[in-house]
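Below is one structure; the comments refer to it alone.
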Amino acid sequence: MRSLIQILFLFLAWCNLSAAPVLPNVALPSYAISISNAENLNQESKIKTGVLNYAKSDISKNSLSQKVVFGESSVLENRAREANVRVVQGAGSSLIASIKSRLTLLKNPARPILSGEGIPLINGKQTRVFGGSKFDNVVTGSYGDASKKYIWTIDDNGVNVGLEQTPIGGNSVIKHTNLSSQAYSGGEVWFITQNKVHVNAWSGRFGAGANMTKAEWEASIDAFKSNGYEVIVEPYNP
Amino acid sequence: MENHFSKYLKQNGWRELSMMTFQNIESPCFEIFFDTSNQIELYSNNERVDEAYIITEPELIEFLIRNNLSDLA
């Protein structure tokens, strides 16, 4: 009788696991955790088998029962991790929604576009959606080094960057209008490392020179962060 | 927002109209517009008349001289 009660208790505990994760939702970096459902299903199957064997054995303490408990803990842990992965995706969506909610006015350039200044940059331009990956193979350099400077815009495609000293249309350098014909915001950016950027609002066409709002500026900073960058920010007080 | 070019302009006869835009005090029809921290455009009566990519202060001075906008000319 005592064995049956213990078996019933184990079943109830296992059923409870299926109902809801028991750990609180904690946002973790999405790259940190990757647990396959197949792994969990495999372990759950082993637990079911173990419980059945336990019932048949009619013994209250054996190594199999301990394995069941350990296995159960493992499943519980993995389920919690799965829950965290979902939370991360949810938090990412929330951040992206927040960025988009602050980027409301797609602006025309604040100055006229002359020869070559509106030609879309193809080679050398990189675009990332909000919450996307980092830019590939960027030239790193210290803040203020003109030869390593990228300019950036944010438009409906996401974050665009291009090395400023890129010849185009007869001009020796690109302008922000070579990245976007219309944009929410713009400025300059240095890739200090492949993971760290230093940004400012120096764009006459879409940034500080075009009355970029504080909300647009802060959303732009968050856009870089959403792509996985540590962001150093130059002060901009519109 | 300020860099050494904008500081130089403010100390040499230009006033800041708005961020990244400066107006010549003596000849208000002239405006210098910063496209980026290194790209400047000169406007006369709202028409672009010259532009330059500058890295050093002497390059800014040379730009002003060639447009007759410097006391050093």
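The values are calculated or read from the model by the stated rules, or taken from the named source; none is laboratory data. Small disclaimer: the values here were computed from a predicted structure and weren't measured. Please note: Cβ atoms are built from the backbone with ideal geometry, for glycine as well, and neighbour counts cover all protein chains shown.
B:THR36 - would you say it is within 14 Å of another protein chain (Cβ to nearest Cβ) and loosely packed, with under 13 Cβ neighbours inside 10 Å? It is false that B:THR36 is within 14 Å of another protein chain (Cβ to nearest Cβ) and loosely packed, with under 13 Cβ neighbours inside 10 Å. Residues in the range A:128-154 that are of a type outside the set (Phe, Trp, Tyr), over 18 Å from the mean Cα position of the chain (by Cα) and within 19 Å of A:LYS107 (Cα to Cα): A:ILE151, A:THR153. Screening B:PRO28 with (1) buried (at least 20 other Cβ atoms within 10 Å of the Cβ); (2) assigned to a loop (DSSP other than H, G, I, E, B); (3) more than 10 Å from chain A (Cβ to nearest Cβ) gives one miss only, at (1). The single condition from (1) free of Cβ contacts under 8 Å to residues at least 40 places away in the same chain; (2) outside any loop (DSSP other than H, G, I, E, B) that B:PHE5 fails is (1).
So which residues in the range A:115-166 are closer than 18 Å to A:GLU230 by Cα, in contact with a helix residue (DSSP H, G or I) (Cβ under 6 Å, 6 or more places away or on another chain) and among the small types (Gly, Ala, Ser)? If the condition is that a residue be closer than 18 Å to A:GLU230 by Cα, in contact with a helix residue (DSSP H, G or I) (Cβ under 6 Å, 6 or more places away or on another chain) and among the small types (Gly, Ala, Ser), then A:GLY131, A:GLY141 are the ones that fit.
Would you be able to tell me the number of residues in the range B:39-54 that are loosely packed, with under 15 Cβ neighbours inside 10 Å and either part of a helix (DSSP H, G or I) or at the interface with chain A (Cβ under 10 Å from one of its Cβ atoms) (or both)? Total meeting the criteria: 3. I'd like to know if the range A:164-179 contains one or more residues that are crowded, with 23+ Cβ neighbours inside 10 Å and away from chain B (no Cβ under 13 Å). No, there is no match, as no residue in the range A:164-179 is crowded, with 23+ Cβ neighbours inside 10 Å and away from chain B (no Cβ under 13 Å). Based on this model, can you work out whether A:THR127 counts as of a type in the set (Ser, Thr, Tyr) and either away from chain B (no Cβ under 14 Å) or more than 17 Å from A:THR177 (Cβ to Cβ) (or both)? Against the criterion (of a type in the set (Ser, Thr, Tyr) and either away from chain B (no Cβ under 14 Å) or more than 17 Å from A:THR177 (Cβ to Cβ) (or both)), A:THR127 qualifies. Only residues that are within 14 Å of chain B (Cβ to nearest Cβ) and either closer than 21 Å to A:GLN165 by Cβ or within 20 Å of the chain's Cα centre (by Cα) (or both) were counted in the range A:209-238, giving 5.
No other residue among A:GLY209, A:GLY186, A:GLY228 is within 16 Å of A:LYS134 (Cα to Cα) and either assigned by TED's automatic domain parsing to the domain that holds A:LYS148 or touching a residue at least 12 places away in the same chain (Cβ under 8 Å) (or both) apart from A:GLY228.
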